[in-house]
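We did not get these values from a lab; they are worked out from the coordinates using the rules stated. Since we're looking at a predicted model, the values are computed, not measured. With ideal geometry, Cβ positions are generated from the backbone for all residues, glycine too; neighbour counts draw on all protein chains shown.
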C-alpha cells in the first residue's frame with residue numbers, strides 16, 4: 001500500500017522493502033564459527049555493531065512520540081498462530097498496539113489466526129495478503145515453523161507494497177531471495193544455555209530426564225536440542241525419552257502420560273513451549289504426580305507463571321515478553337520517519353529464568369516488567 005502521507009514519508013517510502021533488499025545483499029556482515037555448516041545466520045553475523053543494544057534501550061524507555069503526521073491510519077496485517085494455547089502472540093499484539101498508541105501512530109489491524117500445526121492455512125493467508133498488497137502497509141508474519149514457511153517469508157518480503165517483519169524467529173535463512181525488513185524474537189539458543197546453567201546449579205549431575213519437544217526445525221533444535229546437549233555434556237544427564245508434541249497442549253499431555261507410565265526413572269520433564277507445559281502439568285495433576293516431577297516450560301507466559309505459583313510448574317526460561325511487540329512498533333515509527341537504516345536486522349528481547357524458589361514479590365516484579373503493556377496474569381482468551 002504505502003500511499004499514506006507524513007512529513008517524513010518521502011524518505012520512508014524509499015526506505016521500504018527495496019532499501020532493505022539492497023542492504024541485505026551484503027550479508028553476512030561478519031562470519032562466526034560454524035557458519036559454513038548452517039543454512040542460516042545468527043544475529044551477531046547480521047547485526048551492525050551497537051544497533052541491537054540501541055534498540056533494546058529504546059524499547060525499555062518511555063515512548064518518544066512520532067514526529068510526522070498521517071493522512072490515514074497505517075494498515076497492519078498479522079499472520080500468526082494466535083489460536084494456540086500460548087498467550088505469546090496475544091501479548092505481542094497488545095504490546096505492539098499499545099506502544100503504537102503511546103507513539104501517537106494511528107493504525108488498523110487485520111488478523112489471520114491459525115494454530116501452530118496449521119501450516120497450509122498459513123500459506124493460504126500469506127497468499128491472500130500478498131494478493132491484496134494494496135490494502136496493507138506492514139505485514140507481520142509469525143511462521144508456524146521457519147523452514148516450512150520459508151517460501152511464504154520470501155514471497156511476502158519480495159512485495160514492495162508493504163514492509164515485512166517476522167516474529168518468533170531470529171535466524172535469517174541464507175537462501176531467501178528476499179529477506180524481510182527485520183526479525184523480532186528471543187534467542188532460543190541463549191535461553192537454552194541460561195536454562196541449562198540454572199538446572200545444573202539447582203539439580204546437579206547424573207540426572208535422568210524426558211522431553212516434550214516441538215516440531216523438528218531450528219526453534220526446537222535450539223530450545224530442546226541445545227538444552228539437551230548442554231546438560232548431557234556439562235552434567236552427565238541422561239535422556240530417557242523424547243516425544244514430539246508439535247507445540248500442542250494435547251502433545252504435552254500425551255507425551256507426559258507416556259513418560260509417567262513407561263519411563264518412571266525420569267524425574268524431570270522438559271517442555272518446549274507453554275501449550276505443551278500446560279498439557280504436561282494437566283497429565284501430572286490427573287495422576288497426582290505434579291510434586292514428584294520437576295517440570296519446565298518455555299517463555300514465562302502468564303499461564304506458566306500462574307502454574308509456578310500453584311506449585312505445578314517448577315521453572316521456565318522467561319522472556320521479557322512485551323519487548324517484541326514494542327520493538328516492532330518502534331520499527332514502524334523508524335520506518336515512517338525515514339530511519340529504517342538505524343534498526344538492527346534481528347531484534348532480540350531479554351530472557352531470564354523464573355522458578356518456584358522465587359518469592360511472590362520477585363515473580364510479580366518479573367511479570368510486571370515482562371508484561372508492562374499486555375498486563376500481568378493469564379490473559380482471557
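Run the numbers on the stretch 152-275 and let me know its relative contact order in percent, using alpha-carbon pairs under 8 Å that are six or more apart.
24 percent
Which whole-number percent gives the relative contact order of the chain, counting Cα pairs below 8 Å spaced six or more residues apart?
Working: 811 pairs, mean separation 81.4, N = 381.
Worked out over the chain, it gives 21 percent.
Taking the mean number of other Cβ atoms within 10 Å as a proxy for protection, how do you rank 194-200, 361-367, 305-311, 167-173 from highest to lowest?
By packing density, highest mean first, the sequence is 167-173, 194-200, 305-311, 361-367.
So for each of 34-42, 241-249 I average, over its residues, the number of other beta carbons within 10 Å; can you give me the resulting order with the highest mean first? All intermediate terms of the calculation are to be shown ahead of the outcome.
Details: 34-42: 13.2, 241-249: 21.2.
By packing density, highest mean first, the sequence is 241-249, 34-42.
Quick one: grab the alpha carbon gyration tensor of the stretch 189-298, order the square roots of its eigenvalues as a ≥ b ≥ c, and give me rounded if a/c is under 1.5, else prolate or oblate depending on whether a/b is larger than b/c.
Details: a/c = 1.77, a/b = 1.20, b/c = 1.47.
The shape class here is oblate.
If R₀ is 30 angstrom, what is the calculated FRET efficiency for the pair residue 110 and residue 310, using the beta carbon separation as r and rounding to 0.05? Working shown, then result.
Numbers: r = 37 Å, r/R0 = 1.22.
With R0 = 30 Å, the Cβ-Cβ based efficiency is 0.25.
Only bridges with both residues in the chain count here: give the DSSP antiparallel percent, nearest 5. Walk me through the numbers before you get to the answer.
On the way: 6 of 42 bridges.
Here the share of antiparallel DSSP bridges comes out near 15 percent.
Quick check on packing: order 218-224, 228-234 by the mean number of other C-beta atoms within 10 Å, highest mean leading.
Working: 218-224: 22.1, 228-234: 16.3.
Descending packing order for the listed peptides: 218-224, 228-234.
Between residue 175 and residue 339, what is the label-to-label distance in nm when each label sits 7 Å out along the Cα-to-Cβ direction?
If labels sit at residue 175 and residue 339, their model points lie 3.8 nm apart.
For the chain, report the % of Cα-Cα distances exceeding 40 Å.
More than 40 Å apart: 14 percent of the Cα pairs in the chain.
Where both partners of a DSSP beta bridge lie in the stretch 262-367, what percent of those bridges are antiparallel, to the nearest 5? If you can, show how the numbers build up before the last one.
Working: 5 of 10 bridges.
Of the beta bridges lying entirely in the stretch 262-367, close to 50 percent run antiparallel.
Test of understanding: what is the full-extension gain from residue 25 to residue 54, defined as 0.36 nm times their sequence separation minus their Cα-Cα distance? Walk me through the intermediate numbers first.
Details: separation 29, 0.36 × 29 = 10.44 nm, distance 2.31 nm.
That works out to 8.1 nm of additional length.
Along Cα→Cβ, 7 Å out, is where each label goes; now give me the distance between the ones at residue 287 and residue 379 in nm to one decimal.
3.3 nm
Each label point is 7 Å from the Cα along the Cα-to-Cβ direction; what then is the distance between the points at residue 61 and residue 261, in nm?
In this crude label model, residue 61 to residue 261 measures out at 5.7 nm.
Evaluate the relative contact order of the stretch 287-381 (contact order divided by residue number), counting alpha-carbon pairs under 8 angstrom at least 6 apart; express in whole percent. Each step should come with its number before you reach the end.
Details: 115 pairs, mean separation 32.2, N = 95.
Contact order relative to length: 34 percent.
Rounded to the nearest 500 deg cm²/dmol, what is the calculated helix-only ellipticity per residue at 222 nm for the chain, with -39500 (n - 2.57) per DSSP H run of length n ≥ 4? List each step's numbers first, then the result.
Working: 14 runs with 149 residues, N = 381.
Value at 222 nm, helices only: -11500 deg cm²/dmol.
At a Förster distance of 30 Å, what's the computed FRET efficiency of residue 361 paired with residue 198, Cβ-Cβ distance as r, to 0.05?
So the FRET efficiency works out to roughly 0.95.
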